[in-house]
Every structure is written in structure tokens, then in C-alpha cells.
1. Which ones in the range 91-120 are touching a residue at least 24 places away in the same chain (Cβ under 8 Å), within 22 Å of residue 30 (Cβ to Cβ) and open to solvent by 40 Å² or more (accessible area, probe 1.4 Å)?
2. Answer yes if at least one residue in the range 72-81 is of a type in the set (Val, Ile, Thr), loosely packed, with under 15 Cβ neighbours inside 10 Å and not in a loop (DSSP other than H, G, I, E, B), and no otherwise.
3. Can you pull out the residues in the range 112-133 that are within 22 Å of residue 88 (Cβ to Cβ) and not in a strand (DSSP E or B)?
4. Within the range 123-137, how many residues are under 17 Å from residue 24 (Cβ atoms) and surrounded by 15 or more Cβ atoms within 10 Å (Cβ to Cβ)?
5. Identify, please: which residue in the range 37-71 is open to solvent by less than 60 Å² (accessible area, probe 1.4 Å) and of a type in the set (A, V, I, L, M) and is, among those, farthest from residue 120 (Cα to Cα)?
Amino acid sequence: MSNRPQPLFPEPNSEPFWEGVKAGELRYQTCNDCNTVVFNPREHCPNCLSDSLKWNVSKGEGEVYTFSVVRQNRVPGFVEMGAYCVAYIDLDEGFRMLSSVVGVENPLKDIHVGQRVRVSFEPQDTGDYPIPVFKPM
């Protein structure tokens, strides 16, 4: 368990995302008018500006687009992690998400671009919302 920052509510754009995380789901939006995949959560489609968006549940699988390994960090909630990976993950449904790749012995050697990963939800010591992270498949 860790102590990462938690979302602050009310937050109308991302609250359904965080409620999904709490339920063990990785949610994203699609536009009802032009079918654009939308992530990060928002009120309007970035393609056609429609406000007709629907929520979907991702299967949570994708691949590492790019990543960086943080070796030192003094930010509360991250200090205890030691070296950790921050990555952009391309999800199979067509959106890109910033997250972490966890569950590897050495983040300097065990993560690579194109690596297949699956979402996992990391419980937190404080707060109700786990953090979506990714593990190698």
C-alpha cells in the first residue's frame, strides 16, 4: 500500500472515472456523434465539440509507448517507492494514459517500449480511491 494523492471532489469531469477505479474498472469516454475516443475525462468531444459523451469500460490492456525511470523523489507519497517508472500507455481501445509500470524487479532493465501491460489497481493507505497502474503481461 502507498499514500499517493487522492482526487478532490466535486470534480464533474473525472468523478465517473474515479468511481470506476473504486469499482475496479478503467473507464474512458467516446463521443456519441463522431465516435472519437476521449481521454482524459472532459465535458466536450475534442474533435467535434459535442457534449454527447458516453462512458465505457476498458479491458485495461495496452503497451508501453514511452517511459522514464525516476530514481530520486522527495514528494510525499512517492518517497517510499525508490526508483519507479512513469510511462505513457497506449490502451487497446485507442487512448493514451500516463501511469506507472509496477511489478518488475528492476525498472531500469525490465521495462521496454512496446511491452504489453495490463491495468492493476493499487490500494492506498489513505483515501477511498486506488491508483490505476500497469503490470507486464
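The values are calculated or read from the model by the stated rules, or taken from the named source; none is laboratory data. As the structure is a prediction and not an experimental result, all values here were calculated from the model. Don't worry about glycine lacking a Cβ; one is built from the backbone with ideal geometry, like all the others, and counts go over all protein chains shown. Remember, those area values only see protein heavy atoms, side chains included, never the ligands or the DNA or RNA. Shrake-Rupley method; radii C 1.70, N 1.55, O 1.52, S 1.80 Å.
1. Residues satisfying the conditions are 92, 93, 94, 96, 118.
2. Residues of the range 72-81 of a type in the set (Val, Ile, Thr): 75, 79.
Applying the additional criterion that residues be loosely packed, with under 15 Cβ neighbours inside 10 Å yields 75, 79.
Remaining after also requiring not in a loop (DSSP other than H, G, I, E, B): 79.
Yes, the range 72-81 contains a residue that is of a type in the set (Val, Ile, Thr), loosely packed, with under 15 Cβ neighbours inside 10 Å and not in a loop (DSSP other than H, G, I, E, B).
3. Step one: list which residues in the range 112-133 are within 22 Å of residue 88 (Cβ to Cβ), which gives 112-122, 129-133.
The answer is 112, 113, 114, 115, 129, 130.
4. Residues of the range 123-137 that are under 17 Å from residue 24 (Cβ atoms), as a first pass: 123-124, 127-135.
Next, only the ones that are surrounded by 15 or more Cβ atoms within 10 Å (Cβ to Cβ) stay: 124, 129-134.
Within the range 123-137, residues that are under 17 Å from residue 24 (Cβ atoms) and surrounded by 15 or more Cβ atoms within 10 Å (Cβ to Cβ) number 7.
5. Only one residue tops the list, namely 53.
Quick grid of which residues meet (1) assigned to a loop (DSSP other than H, G, I, E, B); (2) touching a Lys or Arg at 6+ places or on another chain (Cβ under 7 Å):
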residue	(1), (2)
7	yes, no
10	yes, no
27	no, no
35	yes, no
46	yes, no
57	no, yes
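Residues checked against (1) modelled with pLDDT of 95 or more; (2) under 16 Å from residue 132 (Cβ atoms); (3) touching a strand residue (DSSP E or B) at 6+ places or on another chain (Cβ under 7 Å):
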| position | (1), (2), (3) |
| --- | --- |
| 14 | no, yes, no |
| 18 | no, yes, no |
| 22 | no, yes, no |
| 26 | yes, yes, yes |
| 45 | yes, no, yes |
| 49 | yes, no, no |
| 54 | yes, no, yes |
